[in-house]
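Scroll down for the structure; my scribbles are underneath it.
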């Protein structure tokens, strides 16, 4: 059970979340409430949100109070695979297994901790727990991420993300032999009511989600696909391919009970394209495939059992 629960009233509608909680969580300052939101201890309809999220009537707001935890981001020395960096942004290749930002249960050893050590001039738009983070990828997804080093760059990149001009290309290895050479999956995604740790295709409290795909290679019982995200919902590619009956290889949360032991789903953010917020140049970056996935694909091409 959460430590705090509140159902938004008519008068709360269109108010910022942190402002609503200042009025409904006695004993908590606005800065403390913002810290709880930033670190994922406050949920709206079971989803992590931002402090400036506009509340809707009947939203269910819940909060947990961490026990004697200091809600601060500690800089940690970390080997970062940086593909590009200038005074406005950096693009890096996130390794599989690394959490992007601190949150409930993951206060340290995240990418943000490493970024704080590497450079102190990250944008502050997303709060203390997510400085510079324009978009996220799952812990067990590797590949390209763009990081904003100032608020102007963050605003510009976020605007491109919202307008869908910031392009993200993924490679995914899925179970089954996909017959269509290309396609479009359009199915709304929301929180799974029976398992709050999962997302699912649902019409209830969901958001529109669109994934475009094309087949790159077919193997005996697997397919390598390239995906373009038109929207960026939590676990979108994983949920969409499970929905059409071709779950990702290695995905224990959404995949088959019997799958390959790859320490998580075979999903790699191969490339990212955007317009530089200052120079207005078109920027394109690619992150090389991680060794585990390259090796697996070679085995599949040779017809070896895996």
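The values are calculated or read from the model by the stated rules, or taken from the named source; none is laboratory data. Just so it is clear, the model here is predicted, and its values are computed rather than measured. Cβ atoms come from the backbone with ideal geometry, glycine included; neighbour counts cover every protein chain shown.
If we scan region 87-94, do we find a residue that is within 20 Å of residue 234 (Cβ to Cβ) and either crowded, with 17+ Cβ neighbours inside 10 Å or at pLDDT 90 or above (or both)?
Yes, region 87-94 contains at least one residue that is within 20 Å of residue 234 (Cβ to Cβ) and either crowded, with 17+ Cβ neighbours inside 10 Å or at pLDDT 90 or above (or both).
Answer yes or no as to whether residue 185 is in the same structural domain as residue 260 (by TED's automatic domain parsing) and either part of a strand (DSSP E or B) or within 14 Å of the chain's Cα centre (by Cα) (or both). It would help to see each step written out before you state the result.
On the way: in the same structural domain as residue 260 (by TED's automatic domain parsing): yes; either part of a strand (DSSP E or B) or within 14 Å of the chain's Cα centre (by Cα) (or both): yes.
Against the criterion (in the same structural domain as residue 260 (by TED's automatic domain parsing) and either part of a strand (DSSP E or B) or within 14 Å of the chain's Cα centre (by Cα) (or both)), residue 185 qualifies.
Identify the residue in region 188-212 that is out of contact with any helix residue (DSSP H, G or I) (no Cβ under 8 Å at 6 or more places or on another chain), modelled with pLDDT under 95 and in a strand (DSSP E or B) and, among all such residues, is surrounded by the fewest Cβ atoms within 10 Å (Cβ to Cβ).
207
For a quick check of your reading of the model, give me the residue pairs whose first member lies in region 30-54 and is not assigned by TED's automatic domain parsing to the domain that holds residue 235 and surrounded by fewer than 19 Cβ atoms within 10 Å (Cβ to Cβ), whose second is assigned to a helix (DSSP H, G or I) and modelled with pLDDT under 90, with beta-carbon atoms closer than 8 Å and at least 6 apart or on different chains.
49/37; 50/37
Scanning region 258-272 for residues that are touching a residue at least 24 places away in the same chain (Cβ under 8 Å) and surrounded by fewer than 18 Cβ atoms within 10 Å (Cβ to Cβ), which turns out nearest to residue 297 (Cα to Cα)?
It comes out as 260.
In region 214-238, which residue that is free of Cβ contacts under 8 Å to residues at least 60 places away in the same chain, surrounded by fewer than 20 Cβ atoms within 10 Å (Cβ to Cβ) and not in a loop (DSSP other than H, G, I, E, B) is farthest from the chain's Cα centre (by Cα)?
For region 214-238, the residue satisfying everything is 218.
Just checking, how many residues over region 239-295 are more than 21 Å from residue 169 (Cβ to Cβ), more than 17 Å from the chain's Cα centre (by Cα) and outside any helix (DSSP H, G or I)?
13
Can you tell me which residues in region 163-182 are part of a loop (DSSP other than H, G, I, E, B) and in contact with a strand residue (DSSP E or B) (Cβ under 6 Å, 6 or more places away or on another chain)?
166, 177, 178, 181
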